[in-house]
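Where a number appears in this text, it was derived from the coordinates with a stated rule and is not lab data. Here the structure is a predicted model, which is why all the values come from computation and not from measurement. Please note: Cβ atoms are built from the backbone with ideal geometry, for glycine as well, and neighbour counts cover all protein chains shown.
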Amino acid sequence: EDQVTQSPEALRLQEGESSSLNCSYTVSGLRGLFWYRQDPGKGPEFLFTLYSAGEEKEKERLKATLTKKESFLHITAPKPEDSATYLCAVQSSGSARQLTFGSGTQLTVLP
Amino acid sequence: NAGVTQTPKFRVLKTGQSMTLLCAQDMNHEYMYWYRQDPGMGLRLIHYSVGEGTTAKGEVPDGYNVSRLKKQNFLLGLESAAPSQTSVYFCASTKPGHSIEAFFGQGTRLTVV
């Protein structure tokens, strides 16, 4: 059974204070690891897909990395508009492309 | 391009009532999914479809039924609503391929009283 655990559950940062979110996973054959952003009252919005250990992807102030057991979402010099819940999900090789999600990290960036 | 559209956005049901949630996508995607999101539990898969006329059970299918009569639509039905089905429901779609990202609708907030 695929499992995804995200930590911390909630994170409060001052504007400009860099930090990292963690996503630990167990999966029977990783097809892909996904990061999504979710704003209150909205659906998840795709950020990144990582396919293999050692892979990194960047988008503005966000950088996602992947090892064989976990992924990190690094946030550099965050701004208040980065406040959201960040969701991690895995897709296993035996699945019909459905995702197994973690419970998310709620990020608040204070001005 | 609307993407994935869910209707309704909000609904309050009484225990025992039935309803259907509609998901429509205009991206010609083959795969469609229904998830529910509850506080502290993340999104959990209810049912999914890999093409028109096909459906399959996900992680939490009990109490729900689905139909995919047209490629662009995926319906989620609750035959006899229960308070435990109070949740936010999200529809998603993907096209076939290696690890293609899923596109999500805006969600339906359902309260069963």
Scanning region A:8-32 residue by residue, those part of a strand (DSSP E or B), within 13 Å of chain B (Cβ to nearest Cβ) and touching a residue at least 60 places away in the same chain (Cβ under 8 Å) turn out to be A:Ala10, A:Cys23, A:Tyr25, A:Leu30, A:Arg31
When restricted to A:Leu87, A:Leu47, the only residue free of Cβ contacts under 8 Å to residues at least 40 places away in the same chain and either in contact with a helix residue (DSSP H, G or I) (Cβ under 6 Å, 6 or more places away or on another chain) or not in a loop (DSSP other than H, G, I, E, B) (or both) is A:Leu47
Does region A:62-71 include one or more residues that are touching a Cys at 6+ places or on another chain (Cβ under 6 Å) and of a type outside the set (Asp, Glu)? yes
Subset of region B:74-96, residues part of a loop (DSSP other than H, G, I, E, B), in contact with a Ser or Thr (Cβ under 9 Å, 6 or more places away or on another chain) and in contact (Cβ under 8 Å) with a residue 60 or more places away in the chain, comes to B:Glu79, B:Ser80, B:Ala81, B:Ala82
message = Take B:Tyr35 and tell me if it is at the interface with chain A (Cβ under 10 Å from one of its Cβ atoms), touching a residue at least 24 places away in the same chain (Cβ under 8 Å) and under 10 Å from the mean Cα position of the chain (by Cα).
response = yes
Checked region A:62-84 for anything within 20 Å of A:Tyr25 (Cβ to Cβ), assigned to a loop (DSSP other than H, G, I, E, B) and of a type in the set (S, T, N, Q); matches are A:Thr67
Next on the checklist: Quick check on B:Gly40: is it closer than 22 Å to A:Thr85 by Cβ, in contact with a Phe, Trp or Tyr (Cβ under 9 Å, 6 or more places away or on another chain) and small (Gly, Ala, Ser)?
Outcome noted: no
Of those in region A:91-111 that are part of a strand (DSSP E or B) and closer than 15 Å to B:Gly58 by Cα, the residue nearest to the other protein chains (Cβ to nearest Cβ) is A:Phe101
